[in-house]
Structure formats: C-alpha cells, structure tokens
1. Determine the dipole magnitude for the chain: charges of +1 sit on the beta-carbon of Lys and Arg, -1 on that of Asp and Glu, nothing else is charged, the reference point is the Cα centre, and the result goes in debye to the nearest 20.
2. So what's region 35-129 giving for Rg/Rh, alpha carbon basis, Kirkwood Rh from the mean inverse pair distance?
3. So what's Rg/Rh here for the chain, counting alpha carbon atoms and using the Kirkwood radius for Rh?
4. Take SER156 and THR135, extend 7 Å from each Cα along the Cα→Cβ direction, and tell me the distance between the two endpoints in nm.
5. In whole angstrom, and with the biggest value first, how far do the Cα coordinates of region 1-67 range along each principal axis?
6. Assuming R0 = 22 Å, what is the FRET efficiency of ILE77 and TYR147, from their Cβ-Cβ distance, to the nearest 0.05?
7. Past the 25 Å Cα-Cα mark, which pairs from LYS29/LYS52; LYS60/LYS146; LYS53/LYS99; LYS68/LYS142?
8. With Cβ to Cβ distances under 13 Å as the rule, what net charge do the other residues near HIS91 carry (K, R +1; D, E -1)?
Amino acid sequence: MDIRVLTSADIPHVQSTNITNLPENYFLKYYLYHALSWPQLSWVAVDVSRPKKTPYDPPKIVGYVLAKMEEEPVNGIQHGHITSLSVMRTHRRLGLADKLMRQSQRAMVEVYGAQYVSLHVRMSNIAALRLYRDTLGFAVEKVEAKYYADGEDAYSMKMDLKFLR
Ligand code: ACO
C-alpha cells in the first residue's frame, strides 16, 4: 500500500471512491480547489499490489483524505479542516484512515502553522467517531442540528495540534 499526496490526476478516482462510500459528494472543481490551494493536505492510499495492465492503467485508489485550511478563520486562529475521509470496504480496519489523517494533520502544522483541526461527522457514524475520538484524539465541540441534507445532526469535532509542533 502506498500512502502519498493526492495529485490532480487522482481526482476522478477519488471522486468515485467518495461516491461509493459517502452520501456527501462534490463537484470535480471542489477537489481541484483543495489540490491546488493546499497541495500538501490531501492524501490517497493506493493499492500497488495489483500489476499495471497498461502504462495508462489508473491508480487503484482505496482511500483518501480531502483537507483544507480555513481561509478566513472567524477566531483569527489558523486551523485545518477535514472535508472528507473514506476507505473502501475491502481495505478497512488496516489502519489506512489513521495514516491518512496523521499525514494531513502533520502537513497542516508544518506547512501552514495550524493550531488545530476540525471536522463534522454524523452522530450515527460509530466507526468514524471511534476513529476520531478514540484513535486520533478529537473531542466533540458542539452538535450542529440538521447539518446534513437528510436532516441528521452532526458532531462538530476539534483536535489541538500543538503536540505536533
Ligand atoms: N467500528 C469501530 N471502530 C472502528 C471501525 C468500526 N467499523 N473502523 C475504524 N474504527 C476505529 C478503531 O478504533 C480502529 O482501530 P483498530 O482497528 O485498531 O480497532 C481505528 O478506528 C482506526 O481504524 P482504521 O483502520 O484506520 O480505519 P479505516 O481505514 O477502516 O477507515 C473509516 C475508517 C474512514 C471511518 C471507514 O470506515 C469509512 O470509510 N467509512 C465510510 C465513510 C465514512 O464514514 N467516512 C467518515 C465521514 S466524516 C468525514 O468525512 C469528515
């Protein structure tokens, strides 16, 4: 498995991974906006065990984290934000999400001086909550009522990144 920074060429494959795994989907230009604005923050997990059939065989993206910096933080504090994270069912519980998140968080601190990282997660998403709270160390900041298009509430979560500085 290769964990590396997302490139523009990966975007259609990341978009298809996102559509497979999550109901929150984005236009290609939103991925491009992330990749061009904060090129160090979004990462992919690529299954390199499968031999290439042709030189143009696309990479097999099995996971990604799409992340950004908050452009105009209301509190004036530089911080990162996880827009989306997912791993294909076939490749879950291998530590890929953990690795993708840690790579992104490190770059937020080293490249952009982020003080903390934030994200939203569905209250019913037990797997992601365990990952964020128990494995990575995020804490719930507040509940955002009806945050999602289907009316589900979100936990707004946050993690201080000073341990990386
Ligand atoms: N049940 C309970 N705990 C879990 C689960 C699960 N199904 N999956 C992960 N965890 C916790 C465990 O503590 C795990 O450590 P362990 O395996 O040593 O017990 C830890 O998280 C790390 O797990 P990883 O292997 O790194 O996680 P994985 O690569 O499987 O990806 C993810 C987790 C991203 C939540 C995956 O299940 C997924 O893609 N789900 C669908 C999409 C999704 O919900 N994405 C997050 C939406 S929120 C957002 O995008 C900001």
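Any read-out appearing in this document is the output of simple, stated calculations on the displayed coordinates, not a laboratory observation. Not measured: the values here are computed from a predicted model. Note that each Cβ is placed from the backbone with ideal geometry, even for glycine, and that neighbours are counted across all protein chains shown.
1. Values: 21 positive and 17 negative charges, 125 e Å.
The dipole of the chain has a size of about 600 debye.
2. Numbers: Rg = 15.2 Å, Rh = 14.7 Å.
Expressed as Rg/Rh, it is 1.03.
3. Working: Rg = 15.6 Å, Rh = 16.3 Å.
Reported Rg/Rh, Kirkwood definition of Rh: 0.96.
4. Result for the modelled spin labels: 2.6 nm.
5. Its Cα atoms span 31, 25, 19 Å along the three principal axes.
6. Values: r = 22 Å, r/R0 = 0.99.
The computed FRET efficiency comes out at 0.50.
7. Working: LYS29/LYS52 28 Å; LYS60/LYS146 34 Å; LYS53/LYS99 28 Å; LYS68/LYS142 21 Å.
Listed pairs above 25 Å: LYS29/LYS52; LYS60/LYS146; LYS53/LYS99.
8. Numbers: positive: ARG50, LYS60, ARG89, ARG92, ARG93, LYS99; negative: ASP2, ASP47, ASP98.
Neighbourhood net charge equals +3.
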